[in-house]
Number of protein chains: 4
Amino acid sequence: MTAPSPSQIFRTTRRVEFSDTDAAGIAHFTAFFRSMEQAEHDLLRSVGLSVFMQVDGQEITWPRVSSKCDFRSMAKFEEVLEIAVTISRLGEKSITWSFHFTIGPRDIASGEITAVCCRVNPDGTLSSTPIPHLFLTKLQPLTTNH
Amino acid sequence: MTAPSPSQIFRTTRRVEFSDTDAAGIAHFTAFFRSMEQAEHDLLRSVGLSVFMQVDGQEITWPRVSSKCDFRSMAKFEEVLEIAVTISRLGEKSITWSFHFTIGPRDIASGEITAVCCRVNPDGTLSSTPIPHLFLTKLQPLTTNH
Amino acid sequence: MTAPSPSQIFRTTRRVEFSDTDAAGIAHFTAFFRSMEQAEHDLLRSVGLSVFMQVDGQEITWPRVSSKCDFRSMAKFEEVLEIAVTISRLGEKSITWSFHFTIGPRDIASGEITAVCCRVNPDGTLSSTPIPHLFLTKLQPLTTNH
Amino acid sequence: MTAPSPSQIFRTTRRVEFSDTDAAGIAHFTAFFRSMEQAEHDLLRSVGLSVFMQVDGQEITWPRVSSKCDFRSMAKFEEVLEIAVTISRLGEKSITWSFHFTIGPRDIASGEITAVCCRVNPDGTLSSTPIPHLFLTKLQPLTTNH
(Lines give C-alpha, C1' and ligand atoms only; values in the text may rest on other atoms or scores of the structure.)
Protein backbone atom coordinates (compact mmCIF):
# COMPACT_ATOMS: atom_id res chain seq x y z
CA MET A 1 0.00 0.00 0.00
CA THR A 2 1.22 3.46 -0.93
CA ALA A 3 1.02 6.24 1.66
CA PRO A 4 -1.64 8.75 0.64
CA SER A 5 -0.47 12.12 -0.64
CA PRO A 6 -1.94 15.16 1.14
CA SER A 7 -4.42 15.72 -1.71
CA GLN A 8 -5.72 12.18 -1.22
CA ILE A 9 -6.74 12.78 2.38
CA PHE A 10 -10.18 14.19 3.08
CA ARG A 11 -10.58 15.70 6.55
CA THR A 12 -13.75 16.16 8.53
CA THR A 13 -14.68 16.31 12.22
CA ARG A 14 -17.36 15.02 14.54
CA ARG A 15 -18.08 16.00 18.13
CA VAL A 16 -18.81 13.25 20.66
CA GLU A 17 -22.46 13.92 21.59
CA PHE A 18 -23.98 12.96 24.94
CA SER A 19 -26.10 10.33 23.21
CA ASP A 20 -22.85 8.77 21.89
CA THR A 21 -21.54 8.13 25.41
CA ASP A 22 -22.21 5.10 27.61
CA ALA A 23 -22.20 4.31 31.32
CA ALA A 24 -18.40 3.88 31.20
CA GLY A 25 -18.25 7.62 30.50
CA ILE A 26 -16.77 7.36 27.01
CA ALA A 27 -17.94 7.32 23.39
CA HIS A 28 -19.60 3.94 22.80
CA PHE A 29 -17.74 1.85 20.20
CA THR A 30 -20.72 1.91 17.82
CA ALA A 31 -20.38 5.72 17.62
CA PHE A 32 -17.17 5.19 15.64
CA PHE A 33 -18.98 3.12 13.01
CA ARG A 34 -21.65 5.84 12.69
CA SER A 35 -18.87 8.43 12.43
CA MET A 36 -17.04 6.50 9.70
CA GLU A 37 -20.20 6.43 7.63
CA GLN A 38 -20.80 10.14 8.17
CA ALA A 39 -17.22 10.90 7.12
CA GLU A 40 -17.71 8.79 3.96
CA HIS A 41 -20.85 10.80 3.16
CA ASP A 42 -19.08 14.10 3.91
CA LEU A 43 -16.41 13.16 1.37
CA LEU A 44 -19.00 12.15 -1.25
CA ARG A 45 -20.88 15.43 -0.74
CA SER A 46 -17.61 17.38 -1.08
CA VAL A 47 -17.29 16.09 -4.68
CA GLY A 48 -20.98 16.42 -5.52
CA LEU A 49 -21.96 12.78 -4.94
CA SER A 50 -24.30 11.04 -2.54
CA VAL A 51 -24.51 7.52 -1.15
CA PHE A 52 -28.11 7.44 -2.36
CA MET A 53 -28.54 9.01 -5.78
CA GLN A 54 -29.84 8.64 -9.34
CA VAL A 55 -27.11 8.00 -11.91
CA ASP A 56 -28.11 7.53 -15.60
CA GLY A 57 -31.75 7.03 -14.57
CA GLN A 58 -30.76 4.35 -12.10
CA GLU A 59 -31.02 4.57 -8.30
CA ILE A 60 -27.58 3.66 -6.92
CA THR A 61 -26.88 2.64 -3.33
CA TRP A 62 -23.93 1.13 -1.46
CA PRO A 63 -24.66 -1.65 1.03
CA ARG A 64 -21.74 -2.49 3.30
CA VAL A 65 -19.99 -5.84 2.88
CA SER A 66 -17.61 -5.41 5.79
CA SER A 67 -16.51 -2.92 8.40
CA LYS A 68 -13.97 -2.94 11.19
CA CYS A 69 -12.41 -0.61 13.71
CA ASP A 70 -9.40 -0.75 16.06
CA PHE A 71 -9.67 1.36 19.20
CA ARG A 72 -6.46 2.68 20.77
CA SER A 73 -7.63 5.42 23.13
CA MET A 74 -10.93 6.66 24.53
CA ALA A 75 -12.95 9.70 23.46
CA LYS A 76 -15.07 11.65 25.92
CA PHE A 77 -18.24 13.76 25.74
CA GLU A 78 -17.78 17.00 23.79
CA GLU A 79 -14.35 16.11 22.45
CA VAL A 80 -14.01 16.68 18.71
CA LEU A 81 -12.82 13.70 16.67
CA GLU A 82 -10.69 14.68 13.68
CA ILE A 83 -11.27 12.13 10.92
CA ALA A 84 -8.89 11.57 7.99
CA VAL A 85 -10.55 9.65 5.15
CA THR A 86 -8.79 7.94 2.26
CA ILE A 87 -9.94 5.50 -0.39
CA SER A 88 -7.65 2.52 -0.02
CA ARG A 89 -9.23 0.50 -2.84
CA LEU A 90 -11.46 1.48 -5.75
CA GLY A 91 -12.47 -1.74 -7.50
CA GLU A 92 -14.81 -2.39 -10.42
CA LYS A 93 -17.83 -2.97 -8.19
CA SER A 94 -16.71 -2.06 -4.68
CA ILE A 95 -14.84 0.57 -2.72
CA THR A 96 -12.87 0.45 0.52
CA TRP A 97 -12.79 3.56 2.68
CA SER A 98 -10.15 3.98 5.40
CA PHE A 99 -10.56 6.24 8.42
CA HIS A 100 -8.13 7.51 11.04
CA PHE A 101 -9.48 9.20 14.17
CA THR A 102 -7.36 11.56 16.25
CA ILE A 103 -8.02 14.19 18.93
CA GLY A 104 -5.11 16.64 18.82
CA PRO A 105 -1.98 14.52 19.40
CA ARG A 106 -3.95 11.49 20.63
CA ASP A 107 -4.32 8.52 18.30
CA ILE A 108 -7.88 7.32 18.94
CA ALA A 109 -8.93 4.72 16.39
CA SER A 110 -8.71 3.57 12.79
CA GLY A 111 -11.20 1.68 10.72
CA GLU A 112 -12.47 0.61 7.36
CA ILE A 113 -15.72 0.22 5.44
CA THR A 114 -16.05 -1.81 2.23
CA ALA A 115 -19.21 -1.09 0.27
CA VAL A 116 -20.48 -2.63 -2.94
CA CYS A 117 -22.19 -0.63 -5.67
CA CYS A 118 -25.81 -1.71 -6.23
CA ARG A 119 -28.72 -0.56 -8.33
CA VAL A 120 -32.16 -0.55 -6.76
CA ASN A 121 -34.51 -2.75 -8.81
CA PRO A 122 -38.16 -1.73 -9.37
CA ASP A 123 -39.25 -4.30 -6.75
CA GLY A 124 -36.91 -2.77 -4.15
CA THR A 125 -34.28 -5.53 -4.27
CA LEU A 126 -30.63 -4.66 -4.92
CA SER A 127 -28.29 -5.97 -7.64
CA SER A 128 -24.52 -5.52 -7.68
CA THR A 129 -23.47 -3.30 -10.60
CA PRO A 130 -20.22 -1.75 -11.91
CA ILE A 131 -19.41 1.58 -10.25
CA PRO A 132 -20.78 4.35 -12.53
CA HIS A 133 -18.27 6.41 -14.51
CA LEU A 134 -19.39 9.54 -12.59
CA PHE A 135 -18.21 8.01 -9.32
CA LEU A 136 -14.97 6.62 -10.78
CA THR A 137 -14.01 9.99 -12.27
CA LYS A 138 -14.53 11.85 -9.03
CA LEU A 139 -13.09 9.26 -6.65
CA GLN A 140 -10.00 8.06 -8.58
CA PRO A 141 -7.94 11.17 -7.69
CA LEU A 142 -8.60 10.37 -4.03
CA THR A 143 -7.57 6.73 -4.31
CA THR A 144 -4.20 5.56 -2.93
CA ASN A 145 -3.96 2.20 -4.73
CA HIS A 146 -3.84 3.15 -8.39
CA MET B 1 -60.66 9.38 30.24
CA THR B 2 -61.82 5.96 31.37
CA ALA B 3 -59.36 3.73 33.19
CA PRO B 4 -58.40 0.82 30.94
CA SER B 5 -59.78 -2.61 31.81
CA PRO B 6 -57.16 -5.37 32.21
CA SER B 7 -57.95 -6.73 28.74
CA GLN B 8 -57.17 -3.31 27.27
CA ILE B 9 -53.61 -3.29 28.57
CA PHE B 10 -50.92 -4.89 26.46
CA ARG B 11 -47.74 -5.72 28.37
CA THR B 12 -44.22 -6.08 27.02
CA THR B 13 -40.70 -5.63 28.38
CA ARG B 14 -37.41 -4.20 27.27
CA ARG B 15 -34.00 -4.53 28.90
CA VAL B 16 -31.81 -1.41 29.18
CA GLU B 17 -28.87 -2.26 26.91
CA PHE B 18 -25.38 -0.82 27.38
CA SER B 19 -25.79 1.20 24.18
CA ASP B 20 -28.91 2.80 25.75
CA THR B 21 -26.91 4.23 28.65
CA ASP B 22 -25.05 7.54 28.76
CA ALA B 23 -22.14 9.03 30.70
CA ALA B 24 -24.50 9.80 33.61
CA GLY B 25 -24.78 6.02 34.07
CA ILE B 26 -28.50 5.77 33.23
CA ALA B 27 -30.73 5.00 30.26
CA HIS B 28 -30.56 8.01 27.95
CA PHE B 29 -33.95 9.73 27.57
CA THR B 30 -34.11 8.91 23.86
CA ALA B 31 -34.08 5.19 24.76
CA PHE B 32 -37.62 5.65 26.12
CA PHE B 33 -38.88 6.97 22.79
CA ARG B 34 -37.30 4.00 20.99
CA SER B 35 -38.88 1.69 23.59
CA MET B 36 -42.33 3.25 23.14
CA GLU B 37 -42.17 2.59 19.43
CA GLN B 38 -41.01 -0.99 19.97
CA ALA B 39 -43.86 -1.58 22.43
CA GLU B 40 -46.34 -0.18 19.84
CA HIS B 41 -44.93 -2.61 17.26
CA ASP B 42 -45.03 -5.51 19.74
CA LEU B 43 -48.75 -4.82 20.27
CA LEU B 44 -49.44 -4.61 16.54
CA ARG B 45 -47.61 -7.89 15.95
CA SER B 46 -49.59 -9.52 18.76
CA VAL B 47 -52.80 -8.94 16.75
CA GLY B 48 -51.26 -9.79 13.37
CA LEU B 49 -50.61 -6.24 12.20
CA SER B 50 -47.47 -4.29 11.34
CA VAL B 51 -46.60 -0.61 11.25
CA PHE B 52 -45.46 -1.13 7.67
CA MET B 53 -47.82 -3.36 5.72
CA GLN B 54 -49.95 -3.82 2.60
CA VAL B 55 -53.69 -3.41 3.22
CA ASP B 56 -56.12 -3.78 0.26
CA GLY B 57 -53.20 -3.44 -2.19
CA GLN B 58 -52.06 -0.24 -0.53
CA GLU B 59 -48.83 0.24 1.42
CA ILE B 60 -49.84 1.73 4.80
CA THR B 61 -47.45 3.49 7.20
CA TRP B 62 -47.82 5.60 10.33
CA PRO B 63 -45.67 8.74 10.59
CA ARG B 64 -45.65 10.29 14.06
CA VAL B 65 -47.34 13.66 14.56
CA SER B 66 -46.37 14.02 18.20
CA SER B 67 -44.65 12.23 21.03
CA LYS B 68 -43.89 13.03 24.65
CA CYS B 69 -42.54 11.39 27.75
CA ASP B 70 -42.41 12.29 31.46
CA PHE B 71 -39.52 10.81 33.41
CA ARG B 72 -39.98 10.14 37.14
CA SER B 73 -37.15 7.82 38.04
CA MET B 74 -33.97 6.55 36.41
CA ALA B 75 -33.35 3.19 34.78
CA LYS B 76 -29.93 1.54 34.83
CA PHE B 77 -28.00 -0.86 32.60
CA GLU B 78 -29.50 -4.39 32.51
CA GLU B 79 -32.69 -3.40 34.33
CA VAL B 80 -35.84 -4.66 32.62
CA LEU B 81 -38.47 -2.02 31.84
CA GLU B 82 -42.03 -3.35 32.09
CA ILE B 83 -44.16 -1.44 29.59
CA ALA B 84 -47.97 -1.23 29.73
CA VAL B 85 -49.48 -0.07 26.44
CA THR B 86 -53.00 1.20 25.91
CA ILE B 87 -54.72 2.96 23.03
CA SER B 88 -56.06 6.16 24.50
CA ARG B 89 -57.60 7.41 21.27
CA LEU B 90 -58.55 5.69 18.01
CA GLY B 91 -59.70 8.37 15.60
CA GLU B 92 -60.72 8.20 11.97
CA LYS B 93 -57.23 8.92 10.68
CA SER B 94 -54.98 8.83 13.71
CA ILE B 95 -54.23 6.82 16.81
CA THR B 96 -52.79 7.76 20.20
CA TRP B 97 -50.77 5.16 22.08
CA SER B 98 -50.09 5.54 25.81
CA PHE B 99 -47.19 3.88 27.60
CA HIS B 100 -46.36 3.39 31.26
CA PHE B 101 -42.88 2.22 32.27
CA THR B 102 -42.21 0.52 35.60
CA ILE B 103 -39.40 -1.58 37.08
CA GLY B 104 -40.97 -3.69 39.83
CA PRO B 105 -42.54 -1.22 42.27
CA ARG B 106 -40.69 1.77 40.78
CA ASP B 107 -42.64 4.19 38.60
CA ILE B 108 -40.17 5.13 35.87
CA ALA B 109 -41.88 7.06 33.10
CA SER B 110 -45.02 7.50 31.03
CA GLY B 111 -45.41 8.71 27.49
CA GLU B 112 -47.50 8.97 24.38
CA ILE B 113 -47.17 8.66 20.61
CA THR B 114 -49.77 9.99 18.16
CA ALA B 115 -49.44 8.58 14.66
CA VAL B 116 -51.42 9.34 11.53
CA CYS B 117 -52.42 6.70 9.02
CA CYS B 118 -50.88 7.30 5.58
CA ARG B 119 -50.74 5.47 2.28
CA VAL B 120 -47.44 5.43 0.40
CA ASN B 121 -47.96 6.94 -3.07
CA PRO B 122 -46.18 5.48 -6.12
CA ASP B 123 -43.70 8.40 -6.02
CA GLY B 124 -42.82 7.63 -2.39
CA THR B 125 -44.73 10.56 -0.87
CA LEU B 126 -47.29 9.94 1.87
CA SER B 127 -51.00 10.94 1.98
CA SER B 128 -53.17 10.86 5.08
CA THR B 129 -55.89 8.22 4.71
CA PRO B 130 -58.70 6.76 6.89
CA ILE B 131 -57.51 3.91 9.12
CA PRO B 132 -58.27 0.63 7.27
CA HIS B 133 -61.11 -1.52 8.60
CA LEU B 134 -58.60 -4.31 9.37
CA PHE B 135 -56.80 -2.06 11.87
CA LEU B 136 -60.03 -0.68 13.39
CA THR B 137 -61.44 -4.15 13.98
CA LYS B 138 -58.35 -5.39 15.74
CA LEU B 139 -57.54 -2.25 17.72
CA GLN B 140 -61.01 -1.15 18.90
CA PRO B 141 -61.17 -3.80 21.66
CA LEU B 142 -57.92 -2.38 23.02
CA THR B 143 -59.11 1.23 23.00
CA THR B 144 -60.09 2.96 26.25
CA ASN B 145 -62.03 5.91 24.76
CA HIS B 146 -64.93 4.24 22.96
CA MET C 1 -45.51 33.75 26.88
CA THR C 2 -43.54 36.61 25.39
CA ALA C 3 -42.13 36.22 21.89
CA PRO C 4 -38.34 35.91 22.08
CA SER C 5 -36.26 38.86 20.91
CA PRO C 6 -33.64 38.06 18.25
CA SER C 7 -30.88 38.06 20.88
CA GLN C 8 -32.77 35.39 22.81
CA ILE C 9 -32.70 32.91 19.95
CA PHE C 10 -29.71 30.62 19.60
CA ARG C 11 -29.35 29.05 16.17
CA THR C 12 -27.58 25.85 15.24
CA THR C 13 -27.92 23.21 12.50
CA ARG C 14 -27.81 19.47 12.15
CA ARG C 15 -27.66 17.38 9.00
CA VAL C 16 -29.93 14.31 8.74
CA GLU C 17 -27.41 11.45 8.67
CA PHE C 18 -28.10 8.11 6.99
CA SER C 19 -28.18 6.42 10.40
CA ASP C 20 -30.98 8.86 11.38
CA THR C 21 -33.26 7.60 8.59
CA ASP C 22 -35.64 4.66 8.72
CA ALA C 23 -37.27 2.30 6.22
CA ALA C 24 -39.95 4.93 5.48
CA GLY C 25 -37.12 6.99 3.92
CA ILE C 26 -37.27 9.88 6.41
CA ALA C 27 -35.54 11.00 9.61
CA HIS C 28 -36.80 8.70 12.40
CA PHE C 29 -38.75 10.62 15.06
CA THR C 30 -36.15 9.78 17.74
CA ALA C 31 -33.56 11.72 15.70
CA PHE C 32 -35.40 14.93 16.66
CA PHE C 33 -35.02 14.19 20.36
CA ARG C 34 -31.29 13.55 19.88
CA SER C 35 -31.07 16.79 17.87
CA MET C 36 -32.86 18.81 20.56
CA GLU C 37 -30.34 17.64 23.13
CA GLN C 38 -27.43 18.44 20.82
CA ALA C 39 -28.83 21.93 20.21
CA GLU C 40 -29.15 22.44 23.99
CA HIS C 41 -25.50 21.42 24.41
CA ASP C 42 -24.42 23.66 21.51
CA LEU C 43 -26.07 26.60 23.27
CA LEU C 44 -24.43 25.76 26.61
CA ARG C 45 -21.02 25.47 24.94
CA SER C 46 -21.58 28.83 23.22
CA VAL C 47 -21.69 30.51 26.66
CA GLY C 48 -18.88 28.41 28.19
CA LEU C 49 -21.07 25.89 30.00
CA SER C 50 -21.56 22.14 29.74
CA VAL C 51 -24.36 19.78 30.66
CA PHE C 52 -21.81 17.78 32.64
CA MET C 53 -19.46 20.01 34.59
CA GLN C 54 -17.90 20.86 37.96
CA VAL C 55 -19.35 24.00 39.58
CA ASP C 56 -18.03 25.10 43.01
CA GLY C 57 -16.39 21.69 43.50
CA GLN C 58 -19.65 19.92 42.76
CA GLU C 59 -20.41 17.74 39.72
CA ILE C 60 -23.61 19.12 38.17
CA THR C 61 -25.80 17.23 35.71
CA TRP C 62 -29.28 17.72 34.20
CA PRO C 63 -31.55 14.66 34.00
CA ARG C 64 -34.63 15.21 31.86
CA VAL C 65 -38.04 15.31 33.56
CA SER C 66 -40.03 15.63 30.35
CA SER C 67 -39.66 16.01 26.62
CA LYS C 68 -42.06 16.32 23.72
CA CYS C 69 -42.04 17.04 20.01
CA ASP C 70 -44.69 17.85 17.39
CA PHE C 71 -43.88 16.81 13.85
CA ARG C 72 -45.38 18.81 10.97
CA SER C 73 -43.32 17.81 7.96
CA MET C 74 -40.75 15.17 7.10
CA ALA C 75 -36.98 15.55 6.84
CA LYS C 76 -34.92 13.48 4.43
CA PHE C 77 -31.36 12.14 4.29
CA GLU C 78 -28.72 14.89 3.90
CA GLU C 79 -31.16 17.74 4.50
CA VAL C 80 -29.90 20.29 7.03
CA LEU C 81 -32.24 21.03 9.94
CA GLU C 82 -32.03 24.62 11.15
CA ILE C 83 -32.74 24.65 14.88
CA ALA C 84 -33.81 27.76 16.83
CA VAL C 85 -33.37 27.33 20.58
CA THR C 86 -34.90 29.49 23.28
CA ILE C 87 -35.20 29.10 27.03
CA SER C 88 -38.90 29.33 27.74
CA ARG C 89 -38.57 28.89 31.51
CA LEU C 90 -35.64 29.28 33.90
CA GLY C 91 -36.85 28.17 37.32
CA GLU C 92 -35.04 27.82 40.62
CA LYS C 93 -34.19 24.16 40.05
CA SER C 94 -35.22 23.41 36.48
CA ILE C 95 -35.03 24.78 32.98
CA THR C 96 -37.27 24.39 29.93
CA TRP C 97 -35.68 24.52 26.49
CA SER C 98 -37.80 25.14 23.38
CA PHE C 99 -36.75 24.11 19.88
CA HIS C 100 -38.08 24.95 16.45
CA PHE C 101 -36.90 22.95 13.42
CA THR C 102 -37.10 24.33 9.89
CA ILE C 103 -35.54 23.47 6.53
CA GLY C 104 -35.56 26.64 4.46
CA PRO C 105 -39.23 27.73 4.29
CA ARG C 106 -40.53 24.34 5.53
CA ASP C 107 -41.79 24.14 9.12
CA ILE C 108 -40.61 20.72 10.26
CA ALA C 109 -41.13 20.28 14.00
CA SER C 110 -41.07 21.94 17.39
CA GLY C 111 -40.31 20.49 20.76
CA GLU C 112 -39.33 20.98 24.37
CA ILE C 113 -37.03 19.51 27.00
CA THR C 114 -37.40 20.20 30.71
CA ALA C 115 -34.35 19.29 32.75
CA VAL C 116 -33.75 19.49 36.49
CA CYS C 117 -30.46 20.58 38.02
CA CYS C 118 -28.83 17.82 40.08
CA ARG C 119 -25.58 17.32 41.92
CA VAL C 120 -23.84 13.95 41.64
CA ASN C 121 -23.39 12.48 45.15
CA PRO C 122 -20.21 10.58 46.05
CA ASP C 123 -22.12 7.28 45.70
CA GLY C 124 -23.21 8.18 42.17
CA THR C 125 -26.84 9.00 43.03
CA LEU C 126 -28.31 12.36 42.03
CA SER C 127 -29.97 15.03 44.23
CA SER C 128 -31.99 17.97 42.93
CA THR C 129 -30.20 21.25 43.72
CA PRO C 130 -30.73 24.96 42.98
CA ILE C 131 -29.30 26.01 39.61
CA PRO C 132 -25.79 27.43 40.27
CA HIS C 133 -25.31 31.19 39.98
CA LEU C 134 -22.88 30.63 37.09
CA PHE C 135 -25.65 29.05 35.01
CA LEU C 136 -28.28 31.63 36.00
CA THR C 137 -26.03 34.54 35.06
CA LYS C 138 -25.26 33.16 31.63
CA LEU C 139 -28.72 31.82 30.78
CA GLN C 140 -30.98 34.62 32.08
CA PRO C 141 -30.26 36.92 29.09
CA LEU C 142 -31.47 34.09 26.84
CA THR C 143 -34.68 33.48 28.77
CA THR C 144 -38.02 34.67 27.39
CA ASN C 145 -40.07 34.45 30.62
CA HIS C 146 -38.37 36.92 32.94
CA MET D 1 -9.10 -22.94 15.24
CA THR D 2 -11.22 -25.82 16.53
CA ALA D 3 -14.90 -25.94 15.60
CA PRO D 4 -17.00 -25.20 18.67
CA SER D 5 -18.86 -28.10 20.27
CA PRO D 6 -22.63 -27.57 20.73
CA SER D 7 -22.12 -26.79 24.44
CA GLN D 8 -19.73 -24.00 23.48
CA ILE D 9 -22.31 -22.11 21.43
CA PHE D 10 -24.57 -19.64 23.20
CA ARG D 11 -27.70 -18.74 21.26
CA THR D 12 -29.79 -15.61 21.54
CA THR D 13 -32.05 -13.61 19.23
CA ARG D 14 -32.78 -10.02 18.38
CA ARG D 15 -35.61 -8.58 16.32
CA VAL D 16 -34.80 -5.86 13.77
CA GLU D 17 -36.63 -2.82 15.19
CA PHE D 18 -37.90 0.04 13.04
CA SER D 19 -35.28 2.34 14.56
CA ASP D 20 -32.60 -0.13 13.33
CA THR D 21 -33.64 0.31 9.70
CA ASP D 22 -32.44 2.98 7.26
CA ALA D 23 -33.73 4.64 4.11
CA ALA D 24 -32.50 1.65 2.05
CA GLY D 25 -35.19 -0.35 3.85
CA ILE D 26 -32.82 -2.71 5.68
CA ALA D 27 -31.14 -3.01 9.08
CA HIS D 28 -28.40 -0.37 9.20
CA PHE D 29 -24.91 -1.91 9.51
CA THR D 30 -24.36 -0.32 12.91
CA ALA D 31 -27.33 -2.34 14.24
CA PHE D 32 -25.17 -5.47 13.92
CA PHE D 33 -22.48 -4.00 16.17
CA ARG D 34 -25.13 -3.11 18.78
CA SER D 35 -26.54 -6.63 18.44
CA MET D 36 -23.12 -8.25 18.91
CA GLU D 37 -22.65 -6.36 22.15
CA GLN D 38 -26.13 -7.29 23.36
CA ALA D 39 -25.46 -10.96 22.57
CA GLU D 40 -22.17 -10.76 24.52
CA HIS D 41 -24.07 -9.32 27.50
CA ASP D 42 -26.81 -11.97 27.18
CA LEU D 43 -24.13 -14.66 27.41
CA LEU D 44 -22.48 -13.02 30.44
CA ARG D 45 -25.85 -12.74 32.20
CA SER D 46 -26.58 -16.40 31.43
CA VAL D 47 -23.58 -17.38 33.59
CA GLY D 48 -24.21 -14.76 36.29
CA LEU D 49 -21.71 -12.18 35.07
CA SER D 50 -22.02 -8.62 33.80
CA VAL D 51 -19.86 -6.42 31.59
CA PHE D 52 -19.94 -3.84 34.38
CA MET D 53 -19.54 -5.40 37.81
CA GLN D 54 -17.65 -5.42 41.11
CA VAL D 55 -15.19 -8.33 41.46
CA ASP D 56 -13.10 -8.61 44.68
CA GLY D 57 -13.99 -5.02 45.60
CA GLN D 58 -12.86 -3.77 42.20
CA GLU D 59 -15.09 -2.31 39.48
CA ILE D 60 -14.33 -4.25 36.29
CA THR D 61 -15.22 -3.10 32.76
CA TRP D 62 -14.33 -4.22 29.23
CA PRO D 63 -13.47 -1.50 26.71
CA ARG D 64 -13.36 -2.74 23.11
CA VAL D 65 -9.98 -2.86 21.35
CA SER D 66 -11.38 -3.99 18.01
CA SER D 67 -14.55 -5.04 16.30
CA LYS D 68 -15.45 -6.14 12.80
CA CYS D 69 -18.38 -7.55 10.87
CA ASP D 70 -18.84 -9.13 7.43
CA PHE D 71 -22.28 -8.71 5.89
CA ARG D 72 -23.52 -11.38 3.46
CA SER D 73 -27.25 -10.77 3.23
CA MET D 74 -29.72 -8.10 4.31
CA ALA D 75 -32.09 -8.15 7.26
CA LYS D 76 -35.44 -6.39 7.17
CA PHE D 77 -37.77 -4.75 9.71
CA GLU D 78 -39.35 -7.24 12.13
CA GLU D 79 -37.15 -10.16 11.06
CA VAL D 80 -35.60 -12.03 13.99
CA LEU D 81 -31.82 -12.41 13.88
CA GLU D 82 -30.60 -15.66 15.43
CA ILE D 83 -27.19 -15.05 16.96
CA ALA D 84 -24.69 -17.81 17.79
CA VAL D 85 -21.97 -16.61 20.17
CA THR D 86 -18.68 -18.36 20.88
CA ILE D 87 -15.52 -17.28 22.66
CA SER D 88 -12.76 -17.75 20.12
CA ARG D 89 -9.96 -16.57 22.41
CA LEU D 90 -9.73 -16.19 26.18
CA GLY D 91 -6.37 -14.57 26.91
CA GLU D 92 -4.81 -13.40 30.16
CA LYS D 93 -6.13 -9.86 29.81
CA SER D 94 -8.48 -9.93 26.83
CA ILE D 95 -11.26 -11.92 25.28
CA THR D 96 -12.45 -12.34 21.69
CA TRP D 97 -16.13 -12.97 21.08
CA SER D 98 -17.34 -14.38 17.74
CA PHE D 99 -20.86 -13.95 16.43
CA HIS D 100 -22.77 -15.56 13.58
CA PHE D 101 -26.09 -14.08 12.47
CA THR D 102 -28.68 -16.13 10.59
CA ILE D 103 -32.40 -15.78 9.80
CA GLY D 104 -33.73 -19.29 9.24
CA PRO D 105 -31.63 -20.75 6.39
CA ARG D 106 -30.20 -17.36 5.40
CA ASP D 107 -26.59 -16.58 6.34
CA ILE D 108 -26.70 -12.89 7.26
CA ALA D 109 -23.43 -11.80 8.86
CA SER D 110 -20.56 -12.76 11.12
CA GLY D 111 -18.45 -10.60 13.37
CA GLU D 112 -16.06 -10.30 16.26
CA ILE D 113 -15.43 -8.11 19.29
CA THR D 114 -12.15 -8.11 21.22
CA ALA D 115 -12.39 -6.52 24.66
CA VAL D 116 -9.71 -5.95 27.26
CA CYS D 117 -10.30 -6.39 30.97
CA CYS D 118 -9.86 -3.14 32.91
CA ARG D 119 -10.33 -1.99 36.47
CA VAL D 120 -11.90 1.43 37.06
CA ASN D 121 -9.50 3.59 39.11
CA PRO D 122 -10.83 5.96 41.81
CA ASP D 123 -10.30 8.91 39.41
CA GLY D 124 -12.42 7.24 36.73
CA THR D 125 -9.52 6.24 34.47
CA LEU D 126 -9.13 2.62 33.37
CA SER D 127 -6.15 0.28 33.79
CA SER D 128 -5.71 -3.05 32.01
CA THR D 129 -5.79 -5.91 34.51
CA PRO D 130 -5.69 -9.75 34.39
CA ILE D 131 -9.15 -11.28 33.85
CA PRO D 132 -10.53 -12.17 37.32
CA HIS D 133 -10.67 -15.86 38.29
CA LEU D 134 -14.49 -15.61 38.49
CA PHE D 135 -14.70 -14.74 34.79
CA LEU D 136 -12.09 -17.34 33.73
CA THR D 137 -13.89 -20.13 35.58
CA LYS D 138 -17.22 -19.36 34.01
CA LEU D 139 -16.02 -18.57 30.50
CA GLN D 140 -13.37 -21.28 29.95
CA PRO D 141 -15.97 -24.01 29.28
CA LEU D 142 -17.37 -21.82 26.51
CA THR D 143 -13.99 -21.17 24.89
CA THR D 144 -13.04 -22.94 21.66
CA ASN D 145 -9.26 -22.34 21.76
CA HIS D 146 -8.13 -24.13 24.90
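A few remarks follow.
- Rounded if a/c under 1.5, otherwise prolate or oblate - segment C:96-144, Cα gyration tensor axes: oblate
- Estimated vicinal HN-Hα couplings, Hz - segment D:17-22 in sequence order (Karplus 6.51, -1.76, 1.60; Gly, Pro = x): 7, 4, 6, 7, 7, 10
- Structure-based [θ]222 nm, the protein assembly as shown - -39500 (n - 2.57) summed over DSSP H runs of at least 4, per residue, nearest 500: -5500 deg cm²/dmol
- Position B:VAL47, label points 7 Å along Cα→Cβ, spacing to each other copy in nm (shortest first, one decimal): 4.4, 4.7, 5.2
- Distance from segment B:51-85 to segment A:79-112 (C-alpha centre basis), Å: 35
- Amide H partners (placed H, <5 Å) of C:GLU79, local residues excluded: C:VAL16
- With respect to chain A, whose longest principal axis is taken over its alpha-carbon atoms, helix A:29-46 is tilted by about 50°.
- Using every pair of separate Cα atoms, the Kirkwood estimate puts the hydrodynamic radius of the protein assembly as shown at 25.4 angstrom.
- For chain A, the fraction of 1.4 Å probe accessible surface lying on carbon and sulfur atoms is 53 percent.
- Counting Cβ atoms of other protein chains within 10 Å of each residue's Cβ and taking the mean over peptide C:13-20 gives 6.
- Listed by chain and number, the aspartates and glutamates whose alpha-carbon sits under 15 Å from that of D:LYS138, ignoring those within fewer than 8 places in the same chain, are D:GLU40, D:ASP42, D:GLU92.
- Exercise: per-residue mean of other protein chain Cβ atoms within 10 Å, A:69-75: 4
- Nearest-to-axis residue in chain D, judged by Cβ distance to the rotation axis that brings D onto A and given in whole Å, is D:LYS68, 2.
- The calculated FRET efficiency for the pair D:SER7 and C:SER128, based on their C-beta separation and a Förster distance of 51 Å, comes to about 0.50.
- With protein chains left intact and a 1.4 Å probe, residues in segment B:29-113 average 35 Å² of accessible area per residue.
- Around the amide H of C:SER94, modelled in the peptide plane, lie the amide H atoms of C:CYS117, all under 5 Å away and 5 or more residues distant in sequence or on another chain.
- Once the convex hull of all Cα atoms in segment B:1-58 is built, its volume per residue stands at 156 Å³.
- Over the C-alpha atoms of chain C, the Rg to Rh ratio, Rh being the Kirkwood estimate, stands at 1.00.
- ³J(HN,Hα), Karplus 6.51/-1.76/1.60, whole Hz, each residue of segment D:100-111, x for Gly, Pro: 10, 9, 9, 10, x, x, 7, 7, 9, 6, 9, x
- Teacher prompt: D:PRO130 distances to equivalent labels in other copies, 7 Å Cα→Cβ, nm: 5.4, 6.0, 7.4
The values are calculated or read from the model by the stated rules, or taken from the named source; none is laboratory data. Because the structure is predicted, anything quoted here is derived from the model rather than measured. For neighbour counting, all protein chains shown are included, and Cβ atoms are generated from backbone atoms with ideal geometry for every residue, glycine included. Each accessible area value is taken on the protein alone, full model and side chains, heavy atoms only, with ligands, DNA and RNA left out. Shrake-Rupley method; radii C 1.70, N 1.55, O 1.52, S 1.80 Å.
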